[in-house]
1. So which residues in the stretch 70-127 are without any contact (Cβ under 8 Å) to a residue 60 or more places away in the chain and assigned to a loop (DSSP other than H, G, I, E, B), if there are any at all?
2. Can you tell me which condition F80 does not meet? The list is (1) of a type outside the set (S, T, N, Q); (2) at pLDDT 95 or above; (3) open to solvent by 50 Å² or more (accessible area, probe 1.4 Å), and all the others hold.
3. Return yes when K66 is more than 15 Å from the chain's Cα centre (by Cα) and exposed (fewer than 14 other Cβ atoms within 10 Å of the Cβ) and no when it is not.
Amino acid sequence: QVQLQESGPGLVKPSQTLSLTCTVSGGSITTNNYFWSWIRQPPGKGLEWMGAIAYEGSNYYSPSLKSRTSISRDTSKNQFSLQLTSVTPEDTAVYYCARDSPQYYSGSYYYYVMDYWGKGTQVTVSS
């Protein structure tokens, strides 16, 4: 059973950097074909995919956030992390980490499902 757990400060000041870590147990973040994602949900709004890091270390980011987002990993600790710079109150949200699991492929297209999620952690941006 794969388990993910988010950790980090629940309060960040405007203009500073939001930093969160996802600790994974029950599976390795380097196992072939899995991606590891960050998703957030502002109050009263839907889910927003932020980005991911692949099993081999490649990064993928949402176009709307790529200028401020960095995802990294520490394979020795089986962790991956999120950094979001220059935050504003609009970045207040519940932040989730999740695993993207490959389902099948057709030609150049690969299909994934986010099959394991952390419980989420509330981050508030406020002075």
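The values are calculated or read from the model by the stated rules, or taken from the named source; none is laboratory data. Keep in mind that what you see is a predicted model, and the values were worked out from it rather than measured. Please note: Cβ atoms are built from the backbone with ideal geometry, for glycine as well, and neighbour counts cover all protein chains shown. The area values use the complete protein model at the heavy-atom level, side chains included, leaving out ligands, DNA and RNA. Shrake-Rupley method; radii C 1.70, N 1.55, O 1.52, S 1.80 Å.
1. T75, S76, K77, N78, T92, G107, S108
2. Condition (3) is where F80 drops out.
3. Details: more than 15 Å from the chain's Cα centre (by Cα): no; exposed (fewer than 14 other Cβ atoms within 10 Å of the Cβ): yes.
No.
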